[in-house]
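Down below is the structure, laid out as structure tokens.
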Amino acid sequence: MKLIYVILAGLAGTAAMSAVIFLLSLATNRVLRIPLVLGTMLLGKTHPDGSLSKGVSTKLVGGLAHYTVGVLYAIGYLALWESGVGTITASWGMFIGLGNGILAMLIWYLFFMIHPRPPHIKLERYLMEMVFSHVLFGFVVTYVYYHLTHVEYPFWQ
């Protein structure tokens with residue numbers, strides 16, 4: 001059951017992170033949406049002017065890749081907890097989120113450096129947003145996982 005719970009927590013964390021990034025992108029009119037950037041880069045569909053592809057396949061591939069990575073990160077959280085690193089608390093969730101945000105920032109930076117035609121976005125802002133959004137991700141993953149594994153209502157038993 002732990003694996004199912006952590007998969008659900010990973011999906012919830014990714015959804016929360018995506019929602020906040022989407023709203024931030026709308027509010028600031030900046031390119032921040034991870035699935036769009038990811039899909040464009042994975043499919044090699046950067047437009048000649050450096051803009052992102054907004055096609056259905058781009059959104060689908062980017063979204064699936066983003067949620068898959070979110071679930072894998074959440075499984076990594078479970079592996080850490082099971083090996084005695086940290087506890088299932090808000091502070092540890094945010095701390096681990098900060099760590100995986102820094103890891104994500106490094107991965108994205110390398111992805112942009114090796115990609116033959118990366119989109120033209122403000123990479124520094126994008127990478128900083130990546131770190132902070134993963135802190136939220138870590139909090140939500142931990143919160144959801146905790147509540148799924150610590151059910152205190154007889155209805156669920």
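The values are calculated or read from the model by the stated rules, or taken from the named source; none is laboratory data. Since we're looking at a predicted model, the values are computed, not measured. Positions of Cβ are generated from backbone atoms using ideal geometry, with glycine treated the same way; all protein chains shown enter the neighbour counts. Protein only, heavy atoms only, side chains kept; ligands, DNA and RNA dropped before computing areas. Shrake-Rupley method; radii C 1.70, N 1.55, O 1.52, S 1.80 Å.
Here are some notes:
- Taking label positions 7 Å along the Cα-Cβ direction at both F95 and M128, the computed distance is 2.6 nm, reported to one decimal.
- Here the accessible area is traced with a 1.4 Å probe on the protein chains. For the chain, carbon and sulfur cover 73 percent of it.
- Fully extended contour minus Cα-Cα distance, from N29 to L72, at 0.36 nm per residue: 12.5 nm
- Counted residue by residue at 0.36 nm each, then reduced by the alpha carbon distance between them, the extension gain from V56 to L43 reaches 3.5 nm.
- Of the DSSP H helices in the chain, those with a Cα length along their own long axis of 15 Å or more and a mean Kyte-Doolittle hydropathy reaching -0.5 comprise 2-28, 56-82, 90-114, 123-149.
- Lysine pair count for the chain (Cα-Cα distance under 23 Å; residues 8 or more apart in sequence or on different chains): 5.
- Note that region 41-119 presents 56 Å² accessible area per residue, ligands and nucleic acids not counted, probe 1.4 Å.
- Subtracting the Cα-Cα distance of T149 and A79 from their residue separation scaled by 0.36 nm leaves 23.7 nm.
- Placing +1 on each Lys and Arg Cβ and -1 on each Asp and Glu Cβ, with no other charges, gives the chain a dipole about its Cα centre of roughly 500 debye.
- The trypsin sites (Lys or Arg not before Pro) found in region 48-135 that occupy coil by DSSP, while having at most 15 further C-beta atoms within 10 Å, are K54, K122.
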